[in-house]
1. Placing +1 at every Lys and Arg Cβ and -1 at every Asp and Glu Cβ, with all other atoms neutral, what dipole size does chain B have around its Cα centre, in debye to the nearest 20?
2. Among A:G14, A:G35, A:G237, whose mean-square fluctuation peaks in a Gaussian network model of chain A (Cα, cutoff 10 Å)?
3. Build a GNM of chain B with springs between Cα atoms under 10 Å: which of B:P86, B:P121, B:P322 gets the top mean-square fluctuation?
4. Amide H neighbours of A:V80 under 5 Å, at least 5 residues apart or on other chains, H built in the peptide plane: list them.
5. If you average the C-alpha positions of the stretch A:194-263 and of the stretch A:168-185 separately, how far apart do those two centres end up, in angstrom?
6. Using just the C-alpha positions of the stretch A:3-262 as equal point scatterers, what log10 of I(q)/I(0) does the Debye formula give at each q in 0.12, 0.16 1/Å?
7. Name the residues whose placed amide hydrogens come within less than 5 Å of the amide hydrogen of A:I212, ignoring near sequence neighbours (fewer than 5 apart) on the same chain.
8. Roughly what would the spin-label model give for A:R6 and A:D245, points 7 Å off Cα along C-beta, in nm?
Amino acid sequence: MSLDIRELFYNYDGKPVLKDVSFLVKEGEVLGILGPNGCGKTTLLGNLNRNLSPKGGCVFLDGKDLHGYRKKDIAKEIAVVPQDSRVGFSFTVREIVSMGRMPFQDAFQGDSSEDLRIIEDAMRKTNVLDMADRYVNTMSGGERQKVIIARAMAQTPKILLMDEPTLHLDISAQFDILDLVYSLSRSEGLTVVIVSHDLPMVARYCDRILMIHDHTIHALGRTEEVLTPENMRTVFGVDAELSVDPKSGRNTITMHGSATSRT
Amino acid sequence: MDRRKKTAIILIALAAAFVLLLFLELRWAQLWLLSPQEVWESLTGENRNYRIIVVDLNLTRVLFGMIVGAGLAVAGAVMQALFKNPMASPYTLGLSSGAALGAALGILFPLSFVPAIASVPILAFVFCLGTMFLVYSIARVGNQTHMETLLLAGIAVAALAQAAVSLLTYIAGESITEIVFWGMGSLTVSLPWVKIPIVLVLSAVGIFAMLYYAKDLNAMMLGDAHAMDLGIDVKKTRLALLIASSLVTAAAVCFVGTIGFVGLVIPHILRILLGPDNRLLLPMCVLTGGIYLVGCDYLAHLFAQSLGVMPIGIVTSLIGAPYFIYLLRRRKKEVGWV
């Protein structure tokens with residue numbers, strides 16, 4: 001399933017946040033949306049599942065305007081892993097993951113055997129099955145993030161949107177989470193959109209990158225095409241280079257320092 | 001112990017408590033106690049001597065206690081979840097006081113276009129809803145409501161409403177003893193068989209709406225964004241639950257007065273025992289809240305055997321206020337004030 005974003009505009013109280021943003025999210029790809037803090041990335045993500053409504057332009061899900069969908073039907077196709085997933089209540093992991101089935105259920109309907117199978121499956125895929133009965137409010141940030149990904153998988157989505165998935169996580173947990181999502185995209189054909197300001201992580205995992213600068217698209221294309229030293233200098237103010245890490249065979253970024261300090 | 005086992009144990013305990021309390025309440029005759037046989041024969045109509053005591057006084061108190069306790073507890077559970085605030089309840093956020101003001105106005109100035117008895121619940125509901133939105137809008141900063149501002153707003157608005165009720169009492173003179181009783185609540189009410197169906201229907205409608213949205217409320221406890229991501233219309237659900245809470249609170253308060261802390265204590269304890277899933281928690285609050293209030297009513301009678309009926313609100317506050325203080329102390333540690 002694809003997402004087609006056309007001439008999207010968004011503003012808060014008259015202050016423009018997104019200007020004339022158009023791009024296509026292709027089925028089965030991992031697309032990184034990259035930009036410095038405050039450039040409108042999270043706002044863009046909110047527009048992709050209609051948590052926010054565009055002030056101009058349209059988002060098409062499988063060729064149909066997102067506004068023609070019921071919110072519940074959008075949640076059947078698009079799952080989200082938000083930035084902050086702190087939970088103040090003692091829900092168990094299983095309870096949180098089973099919330100992923102809510103878009104498919106009516107008010108008084110419980111989990112069917114099919115739902116239970118999907119929930120179990122989502123927990124197994126995301127390696128949280130062994131902590132199914134633990135309370136999420138006692139967990140570390142990385143564990144909780146995995147639980148939220150499990151919930152997203154229980155939505156059996158075609159598209160997964162992730163907002164700064166590596167923020168506040170230990171380095172090893174960052175790799176765990178993104179390895180997991182990357183492998184799901186390869187094995188299940190899941191379309192993934194990752195919003196981040198984490199250059200090395202995005203370089204490593206994304207097939208294509210959309211770079212946002214000054215609230216609009218600065219560059220869009222394959223990772224090698226977008227993460228050029230010029231683009232990274234303009235958008236992030238760093239002197240950096242993209243190369244292939246010989247050991248993992250994946251893209252990596254070498255940062256030499258701040259662009260201003262070296263010129 | 002898993003939550004299903006705990007639920008079963010609580011249900012058994014509630015059933016036992018209910019049977020015991022029903023018997024204790026029904027046999028109470030102020031200066032002496034009726035025998036089981038006298039109670040039974042009064043219920044079946046064979047014994048007419050004690051019928052008024054058993055059926056019209058004691059049974060109506062039990063019924064009011066069940067409905068009002070259920071309503072206050074479930075409204076408290078919903079408000080705690082909605083505001084993500086364990087100290088929220090109809091009483092602590094000032095809704096009970098707002099509803100009492102509306103009810104007092106309803107007694108003194110009945111609406112001309114409805115039957116006199118309907119003025120009270122209608123105005124109680126309108127004022128309760130108004131109080132809810134007033135407190136909410138005072139406390140809200142952007143999309144957030146902070147625990148402390150919410151409670152302070154509740155206290156301020158409650159003080160205002162209570163002053164207005166006192167003013168009405170002062171203007172109306174001593175004749176309105178009914179209003180005076182609201183300060184602390186009483187399950188002994190005039191015209192009980194007219195009022196019970198009204199309270200029952202209003203509470204049932206509100207509680208049904210709460211149960212309908214119980215699952216959505218679970219997701220909203222994680223945060224609005226989470227709920228929206230799961231396809232929930234957060235604004236609509238929140239509005240529906242605020243209206244339902246106001247309706248249930250108004251129904252609970254309009255004839256028996258403000259009975260404090262039921263909606264604070266019961267959901268909080270049950271959430272510790274059973275977890276936060278509202279699909280289980282809300283129905284359990286209905287049962288436990290009802291039986292708890294009947295128990296408090298029994299205590300009120302037990303303590304005041306020689307003095308007559310003691311306002312039930314004294315009992316619930318003596319139990320609830322220390323619990324509230326305990327929650328405040330714990331909160332103080334959480335935010336690092338100590």
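Since every read-out is calculated from the coordinates, none of them should be taken as a lab result. All values reported here derive from a predicted model rather than from experimental measurement. Using ideal geometry, Cβ is built from the backbone for each residue, glycine included, and neighbour counts are taken over all protein chains shown.
1. Working: 22 positive and 16 negative charges, 183 e Å.
Dipole about the Cα centre, nearest 20: 880 debye.
2. Maximum fluctuation in the GNM of chain A, among the listed residues, is at A:G14.
3. The residue with the greatest mean-square fluctuation here is B:P322.
4. Here the answer is A:L161, since their amide H atoms fall under 5 Å of that of A:V80.
5. For the stretch A:194-263 versus the stretch A:168-185, the Cα centre distance is 19 Å.
6. Log10 of I(q)/I(0), two decimals: -0.74, -1.25.
7. So A:I212 has HN proximity to A:L34, A:G35, A:H218.
8. Here the answer is 4.0 nm between the modelled labels.
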